[in-house]
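For reference, the structure is listed below as structure tokens.
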Amino acid sequence: MIFLFDLDGTLTDSEEGILKAFKYTLEKMNLEKVDDEILKNYIGPPLNETFKRKFNLYDEDNNRAIVYFREYYREYGKYENIPYKRMKELLEKISKNNTLAVATSKVEDQAIEIVKHFDLDYFDLIVGATEGSSRSKKYEIIEYVLNKLEVKDRSKVYMIGDRFTDINGAHRAGINSIGVLWGFGSKEELEDCKADYIVKSVEELESLIDDIEKRA
């Protein structure tokens with residue numbers, strides 16, 4: 001089996017660093033402050049889409065906002081972060097008999113640093129967004145992972161994530177999807193985009209993966 005993991009809201013609780021990066025960006029762009037509860041909804045989807053749809057920033061303004069966000073996150077935000085409980089143990093266990101990869105909308109070099117910094121490096125491949133816009137959407141990132149791993153049978157691949165972008169990306173790529181409820185998406189969100197499975201805890205995810213392995 002091949003299991004692809006989202007990063008923010010799936011492997012690690014990155015809320016603190018991301019919210020601070022958003023606030024830093026809004027201040028730099030001279031935009032109005034936004035309540036934390038609203039900002040939490042913006043964690044997960046690609047930054048360029050968020051700045052367009054939620055802040056009405058386009059072209060050069062959009063690019064500047066992304067630069068400011070990454071400026072803060074690269075220096076401070078990536079470490080204002082904590083792995084979810086039992087995640088390390090789960091990765092260690094399932095990496096023995098499966099192929100694991102990270103598929104995140106976070107910039108790739110930062111994703112690699114975070115995974116290594118928090119000692120979660122049980123992955124055969126870590127793929128994130130490019131600094132430009134050549135690879136930013138979750139579907140594009142998933143496809144890149146599948147091509148790098150030379151996947152022949154997509155029925156044996158599972159995308160694990162907490163937001164609609166993860167589930168929709170999995171559907172478009174023709175792979176299975178597992179929505180998790182400890183991140184930044186709601187049960188309603190994951191049900192609306194028709195996740196194949198929804199789990200509420202890391203322990204429940206472990207049990208599901210055990211069942212998947214037995215059925216293989």
Any chance Glu37 is modelled with pLDDT of 95 or more, out of contact with any Ser or Thr (no Cβ under 8 Å at 6 or more places or on another chain) and either of a type outside the set (Ser, Thr, Tyr) or over 20 Å from Ala65 (Cα atoms) (or both): no
Qualifying residues in region 201-216 (those that are in contact (Cβ under 8 Å) with a residue 40 or more places away in the chain and part of a helix (DSSP H, G or I)) - the one nearest to Asn81 (Cα to Cα): Val202
Per-region count, region 124-148, residues over 14 Å from Ile175 (Cβ atoms), among the aliphatic types (A, V, I, L, M) and in contact (Cβ under 8 Å) with a residue 60 or more places away in the chain: 1
Residue in region 94-142 that is modelled with the highest pLDDT, counting only those that are in a strand (DSSP E or B), of a type in the set (Ser, Thr, Tyr) and under 15 Å from Asp6 (Cβ atoms): Thr104
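Going through region 174-195 one residue at a time, which ones are without any contact (Cβ under 8 Å) to a residue 24 or more places away in the chain, in a loop (DSSP other than H, G, I, E, B) and over 14 Å from the mean Cα position of the chain (by Cα)?
Scanning region 174-195 gives Gly174, Ser186.
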Any chance Ile198 is in contact (Cβ under 8 Å) with a residue 24 or more places away in the chain and of a type in the set (A, V, I, L, M, F, W, C): no
Only listed residue being within 22 Å of Ala21 (Cβ to Cβ), touching a Lys or Arg at 6+ places or on another chain (Cβ under 7 Å) and either of a type outside the set (A, V, I, L, M, F, W, C) or not assigned by TED's automatic domain parsing to the domain that holds Val199 (or both), chosen from Glu113, Glu131: Glu113
Leading residue by the ranking (surrounded by the fewest Cβ atoms within 10 Å (Cβ to Cβ)) among those in region 184-208 that are among the small types (Gly, Ala, Ser) and within 16 Å of Leu91 (Cβ to Cβ): Ser207
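The values are calculated or read from the model by the stated rules, or taken from the named source; none is laboratory data. Since the model is a prediction, treat every value here as computed from it, not as a measurement. All Cβ positions, even for glycine, are placed from backbone atoms using ideal geometry, and neighbour counts span all protein chains on display.
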